[in-house]
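Notes follow the structure.
What follows draws every value from the coordinates through simple rules; no lab data is involved. What you see is a predicted model, and the numbers here were worked out from it, not measured in a lab. Neighbour counts run over all protein chains shown; Cβ positions are idealised from the backbone, glycine included.
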Amino acid sequence: MLDLAFIRNNPDKIKEACRLKNNSLDVDYLLKVDQQVLDLQHQVEQSRAEQNQLSKRIQAAGKDKELREELIAQGKTLSETLKGWEPELNKLVEERQQLLYLVPNIPDPKAPIGKDEDDNVPIKYWGEKTSFAFEPLDHYALMQKLDLVDIERGVKVAGARSYVLKGDAVRLEMALMNFAMDRLSAKGFTPLIVPAMARDYCFIGNGQFPKGRDQVYAIEGQDTFLVGTSEVSITGMYKDEIFKAEELPLTFVGYCPCFRQEAGTYGKDTRGVFRVHQFNKVEQYIICEADHEVSVRWHEQLLANSEELVQALELPYRVLSVCTGDMGDGKVAMYDV
């Protein structure tokens, strides 16, 4: 979340970031609510200072009963006024906070400007696409032929977008998880297995709430939700902690089962095991100093690490530089491999 002082001093930059990211936030309204908060806080502070002065005057009044009663009456009136302001101030502060959650990060100047995924820019290709002397099967047909998946029974158990892996597909997935963990651990990343459930503030801190709530499964009766990435849990691990500069960077490779509602994707990638509700994922995660150049350097390292994994598997791929309109509010820059 951007610093409030920065937003106050740079409203045009925030408005431009909103435009580039297709974000409908009314920045002027946010600043209006912020000013209302500041004005009311100032009134409250002045009134409390006046209360303190009244208390001193009541003590100084001594035996002057008439003056004491007059001052006490003024104090009661002031106290009632302050009491009336309290819910109004709390409401304004909460409204401002919810608006602040919607403020987008300012995209890196190098990020391509665009509206959606059609405007993402390929910046690198690696390997040659495999050519076949026969008509190849898609992943689902191949897995069915080799008895590696059971979608029908998965749907019976958990509903649409569910599946059961079988046999060598299970061994392959577990091998891939270990492969990624081992490769990244060898680079000094600390392995973590984190909770697949996290509290509300973890999602807020990770930039996934409030906008991403429709993609997350809530656990009824609790302030916990099923995570869609171990990032959320790792972010929550360090809430309210302050690091010394010499402790940074912290580098982790996290694993946990992941869950996503896939709301709004009806009809997309319905064949096979794409856009499923539950999956397993290994995630790179770095906490570094709040410096743009340092952050960019680590972002490039994350990309290099990802490419190394795909190259080791001898899979042809391309790297996309994701455009401003597709990267999401919380991101400054983004690559897709």
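Quick notes on this structure:
- Rounded to the nearest 20 debye, dipole of segment 210-273 from Cβ charges on Lys, Arg, Asp, Glu: 340 debye
- Student exercise, segment 130-315 dipole from Lys, Arg, Asp, Glu Cβ charges, in Debye to nearest 20: 640 debye
- Straight-line cross-link reach from LYS65 at under 18 Å between alpha-carbon atoms covers these lysines, not counting any fewer than eight positions away in the same chain: LYS56, LYS76.
- Most mobile of ARG96, ARG48, ARG213 in a GNM of the chain (Cα contacts under 10 Å): ARG48
- Spin-label zone in segment 296-328 - amide nitrogen under 19 Å from a point set 7 Å from the Cα of ALA245 along the C-beta vector: 296-298
- Around ALA61: net Lys/Arg minus Asp/Glu count, Cβ-Cβ under 12 Å: +1
- Selected from LEU172, LEU25, LEU102 as most flexible by GNM, with the chain as the system and alpha-carbon contacts under 10 Å: LEU172
- Simple label model, 7 Å out from Cα along Cβ direction - VAL170 to GLU88, nm: 6.5 nm
- Surrounding net charge for LEU92, when Lys and Arg each add one and Asp and Glu each subtract one, Cβ distance under 14 Å: -3
- Summed side-chain charge close to ALA312 - residues other than ALA312 whose Cβ falls under 15 Å, Lys, Arg +1, Asp, Glu -1: -2
- Taking amide H positions as modeled 1.01 Å from N, with prolines and chain starts lacking one, no residue 5 or more places away or on another chain lies under 5 Å from GLY207.
- Between ASN22 and ALA60, the modelled labels are 6.5 nm apart [label points 7 Å from Cα along Cα→Cβ].
- Partner aspartates and glutamates whose Cα lies under 12 Å from the Cα of LYS124, excluding those fewer than 8 positions away in the same chain, are identified as GLU307, ASP336.
- Cα-centre dipole for the chain with unit charges at Cβ (Lys and Arg positive, Asp and Glu negative), debye to 20: 440 debye
- Most simply put, the chain has about 85% antiparallel DSSP beta bridges, counting only bridges with both residues inside it.
- If you take the Cα centroid of segment 2-49 and the Cα centroid of segment 118-194, the two points sit 45 Å apart.
- Computed from Cα atoms, the angle from the helix 292-312 axis to the main principal axis of the chain rounds to 20 degrees.
- Here the Gaussian network model covers the chain, with springs between Cα atoms less than 10 Å apart; of ALA17, ALA73, ALA180, ALA73 fluctuates the most.
- Top positive-direction residue, dipole computed over segment 26-100 with Cβ charges, set GLY75, LEU31, GLN98: GLY75
- Point-to-point label distance, LYS145-HIS42, nm (Cα→Cβ direction, 7 Å offset): 7.5 nm
- Cross-link reach list, lysines versus LYS244, counting only Cα pairs under 28 Å and skipping chain neighbours closer than eight places: LYS187, LYS331
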